[in-house]
Number of protein chains: 2
Amino acid sequence: MQTHDIDYRNEAVNLRGYLALDEKATERRPGVLVFHEGLGLGDFAMARARTLAELGYVALAADMFGDRRQARNLQEVADLVGSLRNQPEALRARGRAALATLAALPQVDAHRMAAIGFCFGGTVVLELARDGADLKAVVSFHGVLATRMPAMSGKVKASVLVLTGADDPLAPPEQVKAFEDEMRAAEVKDWQVISYGNTLHGFTNPAADGSMMRAARYSAQADRRSWASMRSLFEEVLR
Amino acid sequence: MQTHDIDYRNEAVNLRGYLALDEKATERRPGVLVFHEGLGLGDFAMARARTLAELGYVALAADMFGDRRQARNLQEVADLVGSLRNQPEALRARGRAALATLAALPQVDAHRMAAIGFCFGGTVVLELARDGADLKAVVSFHGVLATRMPAMSGKVKASVLVLTGADDPLAPPEQVKAFEDEMRAAEVKDWQVISYGNTLHGFTNPAADGSMMRAARYSAQADRRSWASMRSLFEEVLR
């Protein structure tokens, strides 16, 4: 498996993604975008990209903050995430820049692409789905489900899979309900929500021990189950 | 694979279950109860029992109505189901009779048992979980989640998996929310709810074509996904 940095742009912003793929494969393969959590593109999203490459996908861990910036504390997270979250059009454009980069690679079958995201990245993939991006599937792991621009009827093409902790204060029950109502109203053809009991925010990340954010806590069980559900969906739609 | 009827009793009621197992296996295997929908024990639940036997489980499709009674129309369903649903203690006792029957079989490892149920049967397995039955897992497929006897704190031992159609009028969003609140309040250690978008009641049953009940409609996709989720859970907890 090969990994290397890949630079791309969105307007004036330089973005430095991380690509993982099996260089020995000769046919075009499905491509999967990985969107990082609020801390920025770091080890966690890169490791997921490598795991996806081992599964046979071409995986691009995107950079949503520019110059691969990483937050050092919650205030920096709030600053970096907030400016994008408040401007869904800008957020979507930045996500689309990653999508276009991955789609253009000669190893990728651009008709078979998906996007996954963690925490903030979950928000990103849902915004891409709302935007009508050419993705077969989007998967949100403990993402914030709320939006300033709800999906319009018939616009969403992707199969949508939301994986959420039932006790995640960033995605409380009323937010999940509003999201489900949004999916119904927008007549999204394929959507699922999986709610894990006794599970907080950030459940996929072994580094989430409550020290930086009390509400973020790793759960080996929810991590394993959510990854398996993502794989099942990919086996359905990315064949 | 062998199948045969198996008679057992609950108080004065004769119950005629249907057992499916691999007679060639010599070691004790996990046992799985299958609880039928409101129509009574018929082809559908029996077929699921055979599939479970093919997967290596000893499967008992229980009879909840006595003498393997089957409803011929919605009024008979309402009569048969209603009398049990209104008396959760009686319903639980009848479910426990099936559990005791399966646990007593020499082919079954009574420490590794689970129960699945469809529609009315989903209600039954949730009532067994609330009752503190010695089950590693219960799985409800398009079951009614409401109860007259909510789970008490610490009582539920089973891992609980609820598979529900987001548009099932028998399990509307407010009922799902109340169920999740019940699970939280009862401090159930392991519970999950999977909600399938664009999915009605009865989604596992190819015979559900809306003719008997408008709200019941087969979905090959939700059927496949829900069965896969059940299998994943069993692989976790019945090993």
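With the gyration tensor restricted to C-alpha atoms of region B:109-239, the semi-axes of the equivalent ellipsoid amount to 24, 17, 12 Å, longest first. Across A:His111, A:His36, A:His142, mean-square fluctuation computed from a Gaussian network of chain A (C-alpha pairs under 10 Å connected) peaks at A:His111. Modelled spin labels at B:Ala78 and B:Ala178, positioned 7 Å past Cα toward Cβ, are 1.9 nm from each other. In terms of Cα atoms, the Rg and Dmax of the protein assembly as shown work out to 23.8, 80 Å. Give the relative contact order (percent, whole number) for region A:1-96; include only Cα pairs under 8 Å separated by 6+ residues. 29 percent.
On the protein heavy atoms, probe 1.4 angstrom, tell me the percent of accessible surface of region A:33-158 carried by carbon and sulfur. Don't skip to the end; give the middle numbers.
Values: 2280 of 4480 Å².
Roughly 51 percent, rounded to a whole number.
The spread of Cα positions in region B:88-133, taken along each principal axis and listed from longest to shortest, comes to 29, 19, 15 Å. Here B:Asp109 yields copy-to-copy label distances, from shortest upward, of 4.0 nm, the label point defined as 7 Å from Cα along Cα to C-beta.
When the square roots of the Cα gyration tensor eigenvalues are ordered a ≥ b ≥ c, the ratio a/c for region A:1-51 is 1.5 or more and a/b does not exceed b/c, which makes its shape oblate. The Cα atoms of region A:106-173 give a gyration tensor whose axes a ≥ b ≥ c have a/c of 1.5 or more with a/b no greater than b/c, which makes the shape oblate. Modelled spin labels at B:Glu23 and B:Gln107, positioned 7 Å past Cα toward Cβ, are 0.9 nm from each other. Based on the Stokes-Einstein relation at 4 °C and a viscosity of 1.567 mPa s, and on the Kirkwood radius from alpha carbon pairs, region A:43-143 is assigned a translational diffusion coefficient of 92 µm²/s. Take the Cα of B:Thr51, step 7 Å toward its Cβ, do the same at B:Asn86, and the gap between the two points is 3.4 nm. For region B:188-208, state which residues have at least 30 Å² less accessible area in the presence of all protein chains than in their chain by itself, taking the probe as 1.4 Å and leaving out ligands, DNA and RNA. The answer is B:Asp190, B:Trp191, B:Gln192, B:Val193, B:Ile194, B:Ser195, B:Gly197, B:Asn198.
Sum -39500 (n - 2.57) across every DSSP H segment of at least 4 residues in chain A, then divide by the residue count to get the 222 nm mean residue ellipticity, nearest 500. Show your work: numbers first, answer last.
Numbers: 6 runs with 82 residues, N = 239.
-11000 deg cm²/dmol, from helical runs alone.
Taking both sides together, what accessible area is buried at the A/B interface, probe 1.4 Å, expressed in Å² and rounded to the nearest 100?
Values: alone 10700 and 10690 Å², together 19570 Å².
Approximately 1800 Å² gets buried when A meets B.
Of all the options A:Thr26, A:Thr204, A:Thr164, the one that moves most in a Gaussian network model of chain A with Cα springs shorter than 10 angstrom is A:Thr26. Qualifying trypsin sites (Lys or Arg not before Pro) in region A:146-208, where qualification requires a DSSP coil assignment and no more than 15 other C-beta atoms within 10 Å, comprise A:Arg148, A:Lys155, A:Lys189.
The values are calculated or read from the model by the stated rules, or taken from the named source; none is laboratory data. For clarity, every value in this text was computed on a predicted model and none was experimentally measured. Backbone-built Cβ (ideal geometry, glycine too); neighbour counts: all protein chains shown. In case anyone asks, the SASA skips ligands and DNA or RNA and just uses the protein heavy atoms, side chains included. Shrake-Rupley method; radii C 1.70, N 1.55, O 1.52, S 1.80 Å.
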